[in-house]
1. Mind listing whichever residues of segment 11-39 are surrounded by 20 or more Cβ atoms within 10 Å (Cβ to Cβ) and part of a strand (DSSP E or B)?
2. All but one of (1) free of Cβ contacts under 8 Å to residues at least 60 places away in the same chain; (2) more than 30 Å from K117 (Cα to Cα); (3) not polar (S, T, N, Q) hold for M94, so report the exception by its number.
3. Can you list residue pairs whose Cβ atoms sit under 8 Å apart, with the first residue in segment 153-179 being hydroxyl-bearing (S, T, Y) and the second being in a helix (DSSP H, G or I)? Count only pairs 6 or more apart in sequence or on different chains.
4. In segment 147-154, is there at least one residue being aliphatic (A, V, I, L, M), on the phi > 0 side of the Ramachandran plot and surrounded by 19 or more Cβ atoms within 10 Å (Cβ to Cβ)?
5. Answer yes or no as to whether G131 is of a type in the set (G, A, S) and either more than 22 Å from E252 (Cβ to Cβ) or out of contact with any helix residue (DSSP H, G or I) (no Cβ under 9 Å at 6 or more places or on another chain) (or both).
6. Considering only segment 256-273, state which residues are within 17 Å of D77 (Cβ to Cβ) and touching a Leu at 6+ places or on another chain (Cβ under 8 Å).
7. Scanning for something at pLDDT below 95, small (G, A, S), over 17 Å from H184 (Cβ atoms) and in a loop (DSSP other than H, G, I, E, B), does segment 81-98 turn up at least one residue?
8. Could you list, ordered by first residue, the pairs with Cβ atoms under 7 Å in which the first is in segment 323-350 and at positive phi and the second is part of a helix (DSSP H, G or I), at least 6 apart or interchain?
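The values are calculated or read from the model by the stated rules, or taken from the named source; none is laboratory data. Bear in mind that the values here come from a model prediction, so they are computed numbers and not experimental data. Quick reminder, even Gly has a Cβ in these numbers, built from the backbone with ideal geometry, and neighbours come from all protein chains shown.
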Amino acid sequence: MSTLLIKNIGTLQTPVGSYSHRGAEQGENRKLRDAAVYIRDGVITEITDGGDLPLGSESADVVLDANYRLVTPGLVDGHTHMVFGGYRQHEVAMKLKGATYLDILRAGGGILDTVRKTREADEADLCYKTGKFLDEMMNHGVTTCEAKSGYGLDFNSEMKMLEVIGRLNEFHAMDVIPTFMGPHAIPEEYKGRPDEFIDMVCGEMLPYVKEHKLAEFADIFCEDSVFNYEQSRKYLLRAKELGFGLRIHADEIEAIGGSRLAGELGCVSAEHLISIDEEGLESMAKGGTTAMCLPATSFYLGANYAPARRMIEMGIPVACASDFNPGSCPSMNLQFVMNLACLKYRMLPEEVLTAVTINPACAVGRGDRVGTLEVGKQADLVIWDAPDMEMLCYRFGSNMTARVVKKGKIIK
């Protein structure tokens with residue numbers, strides 16, 4: 001048995017409960033002053049405030065002094081594409097000259113360029129590279145993340161990516177939740193034949209992934225020049241039949257029905273949503289789908305921002321994630337995402353904390369164990385070099401983490 005006492009917490013701030021928070025509840029956080037947390041074998045056993053210490057904590061194996069700083073749950077990044085071969089820094093000049101995301105994709109670049117490099121990379125190299133990404137994310141306060149495949153687009157490469165995610169989840173301190181996203185783009189060998197590619201993915205890849213327990217969720221890029229509403233619906237229905245949780249990249253560039261489909265099928269989350277229309281908003285609200293908003297992608301692309309304020313008003317749970325990937329968001333800094341959520345989405349600090357803790361935790365199927373600081377939950381938390389959430393949302397460009405605790409162990 002191992003025990004850890006964290007004392008002299010200036011403010012402990014956390015959402016409460018193991019469910020997605022929506023509407024007014026998105027901005028409801030519990031705030032305890034002069035608090036302490038007692039952890040036994042990686043699980044929170046007691047939380048006190050008012051300067052009191054938990055009973056028996058004086059004999060804790062390790063004592064960590066928070067020095068009256070802010071403590072929150074460990075951050076949860078609910079949307080990443082972190083397994084890939086190569087970078088795409090050469091696209092910067094193309095974008096500066098006016099090329100759009102779809103222009104680059106249609107010219108055989110973008111995702112397809114990453115696909116070529118990912119197919120060439122071996123599993124060991126991908127593991128090493130992605131492990132370094134996880135180190136950096138954890139150093140910035142992320143303790144749980146989602147990771148998608150989707151840069152393979154053929155059977156062997158997609159399975160290689162999922163195997164990498166599985167190995168890292170087993171051996172890295174980070175909890176990594178795998179999502180299969182075989183239909184991320186139309187591969188060059190299926191150019192002009194997207195229906196055949198979807199048939200292959202549904203008939204060969206999805207059943208294999210499920211049988212070998214390589215992913216918990218299935219995702220698809222529903223977008224102009226990628227996969228349309230009907231193709232996305234066919235794929236997601238097959239995934240649902242096999243028992244996958246459903247996610248969908250929707251309405252990033254054009255509103256072609258992806259967000260409407262998310263609500264109709266009860267997807268756990270719809271991602272991007274920059275161009276979502278009223279029909280899509282209403283469908284997601286009715287279906288209980290979490291809006292996985294990605295403001296750093298809007299920032300990097302110079303695009304519009306998802307209507308997060310409107311989503312909260314309509315009772316849609318809002319989560320914010322990095323969308324870390326080599327093309328449209330080469331940053332895994334979830335603290336910067338929090339800054340953008342305040343500045344561009346006009347979200348309050350309490351709403352932002354919910355959006356990077358319990359809401360994404362529920363969207364990746366971990367809301368029962370992470371995303372809040374409560375007795376019985378996994379002891380994932382961050383001590384910030386800040387007195388309150390306002391300071392955390394106010395400062396940008398600096399890493400504000402002082403200490404990171406994962407499953408009761410001090411990581412940083």
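1. T11, L12, Q13, T14, A35, A36, V37, Y38, I39
2. It is condition (2) that M94 fails.
3. Every condition considered, the pairs that remain are S157/V115; S157/T118; S157/R119.
4. yes
5. In short, yes.
6. Residues satisfying the conditions are V268, E271, H272.
7. yes
8. Pairs found: D323/A296; D323/T297; R346/R309.
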